[in-house]
1. What are the residue pairs meeting all of these: first residue in the stretch 316-343, first residue touching a residue at least 24 places away in the same chain (Cβ under 8 Å), second residue of a type in the set (D, E, K, R) and open to solvent by 30 Å² or more (accessible area, probe 1.4 Å), Cβ atoms under 7 Å, and 6 or more apart or on different chains?
2. Being aliphatic (A, V, I, L, M) and under 19 Å from residue 40 (Cα atoms) narrows it down to one of 60, 109, 82, 88, so name that one.
3. Looking only at the stretch 317-338, which residues are loosely packed, with under 14 Cβ neighbours inside 10 Å and in a helix (DSSP H, G or I)?
4. For the stretch 253-267, name all the residues that are at pLDDT below 95, in contact with a helix residue (DSSP H, G or I) (Cβ under 6 Å, 6 or more places away or on another chain) and surrounded by 15 or more Cβ atoms within 10 Å (Cβ to Cβ).
5. Scanning for something open to solvent by 40 Å² or more (accessible area, probe 1.4 Å), in contact with a helix residue (DSSP H, G or I) (Cβ under 8 Å, 6 or more places away or on another chain) and assigned to a helix (DSSP H, G or I), does the stretch 339-357 turn up at least one residue?
6. Based on what the data block shows, is residue 250 out of contact with any helix residue (DSSP H, G or I) (no Cβ under 6 Å at 6 or more places or on another chain) and either open to solvent by less than 60 Å² (accessible area, probe 1.4 Å) or at pLDDT 90 or above (or both)?
7. Check residue 167 against each of (1) modelled with pLDDT under 90; (2) assigned to a helix (DSSP H, G or I); (3) out of contact with any helix residue (DSSP H, G or I) (no Cβ under 8 Å at 6 or more places or on another chain) and name the one condition it does not meet.
8. Condition (residue is in contact with a strand residue (DSSP E or B) (Cβ under 6 Å, 6 or more places away or on another chain), farther than 17 Å from residue 240 by Cα and of a type in the set (Gly, Ala, Ser)) applied to the stretch 318-331: is it met by at least one residue?
Amino acid sequence: MSEAQPERPLRRGWTTGACASGAARAAFEALLTGVFPDPVPVALPKGLRPEFALATYGLVQAPDADFANAGIVKDAGDDPDVTHGALVVATVRFAPKGAGLSFRAGEGVGLVTRPGLPLPPGEPAINPAPRAMIRANLEEVAGRLAVGVDLNVEISIPGGAKIAERTANGRLGIVGGLSILGTTGVVVPYSCSAWIHSIHSGVDVARASGCTHIGAATGETSEAAIRALYRLPDHALIEMGDFAGGFLKRLRAHPVARVTIAGGPAKITKLAEGMLDLHSKRGAVDLEALAARASEAGGSPSLTHAIVAANSGLHAFELAEAAGFDLPALVADAAWRTAARVIAGAPCELEIVVVGRDGRVLGSSGFRRA
C-alpha cells in the first residue's frame, strides 16, 4: 500500500464536559440517596456510556444546606491535552422548587467577559454542549428517583487558573480558569498522519462507491449543514477537521465531479488567507487582513475598525452581520480561490460554505469549476 498505516489505533479520551457530567451525576445521586455510585455511568451523545471512577467525594447534610461533591480525573487518552490529569469536581446543591438547573464557576473554571463566544459575558465558561450533557445525566437520575431537577451545579478544576495560562482563554476574555468543553464527550487524539490517512481513505471509499458529490467538513456542525443541504450518504462525507491541505491534495490526484467544503467562520477565514492547516495552533484569524478585505469590498470605515478590534473571528462576523455587510460570502469566495489553486486542473466543481455555530449556512461561494 502507498499509505503508511498507523502502528496502532490512538487511544481516545474524555472531555472535561464528560468528566463534569459524571461528577455531577454522582454528586446528585448521593445527595438523594446518601450513596455515591463508583464507578459512575455517564450518558454521552451518540449512545456512549462509559463508567468513570471517582477520585474524590463528600456529602454534607445540614438543615437547609445539603450539598454533595464528586471529582473525576480527566483522562485525555493519547491526545496531548493540557487538561490531561486534571481533577474535575462538581458540587451539587438543591435549588428552590421550580428554579430549574443553574451553573456556577468554581475554582479554576473561567468566566466569560467578552462577546463573540458561545456564551454571553458574565456566564461561567461551561459550554452549551457540556451543559446539555450534565442536564441529561441529572435528568436520568431524577427520572429514576422521581424528583425534579431544581439544582445548582458548580464545576471546579483545582489549579485550573494556572493550566489556563497555557491556553488562549485570556486572549478570548475568559478569566479565572479553564473552559468546560466537548461536544461529544470524547477526545479524539490529534494525530496528523492518522487523520490524513483517514481523509485519504474517505475520498477513496467515496470514489469507489460511485459518489459524484462529496462533502468535507471541519466539524460536526458543518457536516450536519452539508447533510441538510444535499442529503449526501455517510460515505460521501469526509471528516476533514483542520487538514484542508490534506483533503485538497488528495482531491487533486483523485478528483470527484462536485465537492463541498464547509466550516465555521474562523476556519474558512483562515482558508481564505491561504492557510491549508486550519488548527488554532497554526495561527489565529488575521483580523487586520479580514478588515482590509471588507474595506476593499465596500465595508464602511466604522465596520473595518470594529473588525480590527473584535475579540475573535466569530465576533467579527457578528459585527458584520449587525452592520448588514455580507462578510460570509466575501470570505467564502476568497477561500474558494485558495482551494481552487490547490486542485487546479482537476475536473471538479468546487463550493465553499460558511456555517454558523447554530448550523445555519451563513454564506456560500456557489459551485464553480476549479
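1. 330/293; 334/293; 336/368; 342/249; 342/252; 343/252
2. Values: 60 fails: under 19 Å from residue 40 (Cα atoms); 109 fails: under 19 Å from residue 40 (Cα atoms); 82 fails: under 19 Å from residue 40 (Cα atoms).
Exactly one of 60, 109, 82, 88 is aliphatic (A, V, I, L, M) and under 19 Å from residue 40 (Cα atoms), namely 88.
3. Here is the first cut: in the stretch 317-338, the ones loosely packed, with under 14 Cβ neighbours inside 10 Å are 322, 324.
Within the stretch 317-338, 322 is the sole residue that qualifies.
4. 265, 266, listed by residue number.
5. Looking for residues that are open to solvent by 40 Å² or more (accessible area, probe 1.4 Å), in contact with a helix residue (DSSP H, G or I) (Cβ under 8 Å, 6 or more places away or on another chain) and assigned to a helix (DSSP H, G or I), one finds none in the stretch 339-357, hence no.
6. Values: out of contact with any helix residue (DSSP H, G or I) (no Cβ under 6 Å at 6 or more places or on another chain): no; either open to solvent by less than 60 Å² (accessible area, probe 1.4 Å) or at pLDDT 90 or above (or both): yes.
No.
7. (2)
8. yes
The values are calculated or read from the model by the stated rules, or taken from the named source; none is laboratory data. Note that this is a predicted model, so its numbers are computed, not measured. Here Cβ is always computed from backbone atoms with ideal geometry, including for glycine, and neighbour counts include all displayed protein chains. Calculation scope for accessible area: heavy atoms of the full protein, side chains included, ligands and nucleic acids excluded. Shrake-Rupley method; radii C 1.70, N 1.55, O 1.52, S 1.80 Å.
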